[in-house]
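Please read the structure below before turning to the comments.
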Amino acid sequence: RQRQMCIRDRHRRIMMIQVLFSDDTYLPEITYICRLFGSIMQLELIPCHASQYSREIPHSIGYCSQDQAAQLPDSCRVRIHADENFWQHYLKQRCSPVHKREHSGLVAVNTDDSDPFITKDGNTITTNLDLLSSAFFMITGMEEIHNPHLRDEHGRFTFSKSRWAHLYVDTPLINVYAETLRQWIEEVYSLKVSSNRRFSAVLSHDIDSPYYYGTL
């Protein structure tokens with residue numbers, strides 16, 4: 001009862017969305033992306049195994065393979081087919097070839113080159129555009145990590161040699177993914193996700209080596 005009261009209290013302050021998955025082998029990575037998207041959307045995205053989802057939270061996003069979609073509850077109205085091949089290669093510290101997918105102006109990367117789709121069946125949206133693995137691929141710089149042979153004579157991975165950087169150098173794709181998820185949630189659940197975001201400047205600096213210039 002105390003936990004339920006806590007959930008209700010938190011729900012009043014910030015909307016909570018469950019992200020239901022069926023494979024927890026890459027749970028830390030999904031949790032990281034959920035926190036990133038949640039900060040942009042001003043929502044609390046809670047990763048949860050499909051078999052343990054909470055009925056106290058009525059809104060959810062399904063993230064699993066097409067074969068595992070049957071494990072999702074009927075109340076899950078946004079369903080994203082996970083790129084399982086991508087995660088399997090990642091867990092083995094390998095980088096599998098990825099392909100560009102684009103549908104209705106939404107661009108993602110995937111290890112499967114099948115036709116992209118976004119289907120709307122009643123109040124359910126299903127897509128094979130894996131926004132979570134695409135965001136992880138881009139924000140972690142996996143292309144740079146797994147392609148050391150593309151570096152220049154100074155060991156730098158340059159923009160000119162990147163195959164994918166042009167997709168997000170002028171377009172903030174991570175923000176686009178988060179806002180797309182927000183729109184889908186609003187559409188399938190017939191609600192308005194409020195946002196009280198205000199601009200703020202956060203200044204910081206980075207010191208790679210404080211002893212670079214010797215003893216001061």
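Annotations
- With all protein chains in place and ligands, DNA and RNA left out, the 1.4 Å accessible area ranks 55, 101, 151 as 55, 151, 101, largest first.
- The residues of the chain expose on average 62 square angstrom of accessible surface per residue, using a 1.4 Å probe on protein heavy atoms.
- Most mobile of 162, 75, 133 in a GNM of the chain (Cα contacts under 10 Å): 162
- Within the accessible area of the chain (1.4 Å probe), percent carbon and sulfur: 48
- Antiparallel DSSP beta bridges within the chain, as percent of all bridges there, nearest 5: 35
- Cα gyration tensor category, rounded, prolate or oblate, for the stretch 51-124 with a/c compared to 1.5: oblate
- Solvent exposure, largest accessible area first (probe 1.4 Å, DNA, RNA and ligands not counted), of 104, 54, 39: 104, 39, 54
- For the chain, size of Cβ-based charge dipole, Lys and Arg +1, Asp and Glu -1, in debye: 920
- Taking Cβ atoms as reference points and 14 Å as the exclusive limit, the residues near residue 92 contribute a net charge of -1, counting Lys and Arg as +1 and Asp and Glu as -1.
- Integer Hz, Karplus 6.51/-1.76/1.60 couplings in order for the stretch 150-163, x for Gly and Pro: 8, 7, 7, 5, 9, x, 9, 8, 8, 4, 5, 9, 7, 8
- Residues 74, 83, 113, ordered by accessible area of protein heavy atoms at a 1.4 angstrom probe radius and largest first, appear as 74, 113, 83.
- C-alpha center-to-center spacing [the stretch 143-164, the stretch 118-134] in angstrom: 32
- Mean Kyte hydropathy of -1.0 or more with a Cα span along the axis of at least 18 Å, helices from DSSP in the chain: 27-41, 173-189
- The H on the amide N of residue 61, modeled in the peptide plane, is under 5 Å from the matching H of 18, 19, 20, each at least 5 residues off or on a different chain.
- Rounded to the nearest 0.05, the FRET efficiency derived from the C-beta distance between residue 200 and residue 31 at R0 = 30 Å is 0.75.
- Within a straight-line Cα-Cα reach of under 24 Å, residue 192 can be paired with the following lysines, leaving aside sequence neighbours fewer than 8 residues apart in one chain: 120.
The values are calculated or read from the model by the stated rules, or taken from the named source; none is laboratory data. Everything numeric in this text was worked out from a predicted model, so none of it was measured. Glycine also receives a Cβ, built like all others from the backbone with ideal geometry; neighbour counts cover every protein chain displayed. Accessible surface is based on the protein model in full, side chains and every heavy atom, while ligands, DNA and RNA are left aside. Shrake-Rupley method; radii C 1.70, N 1.55, O 1.52, S 1.80 Å.
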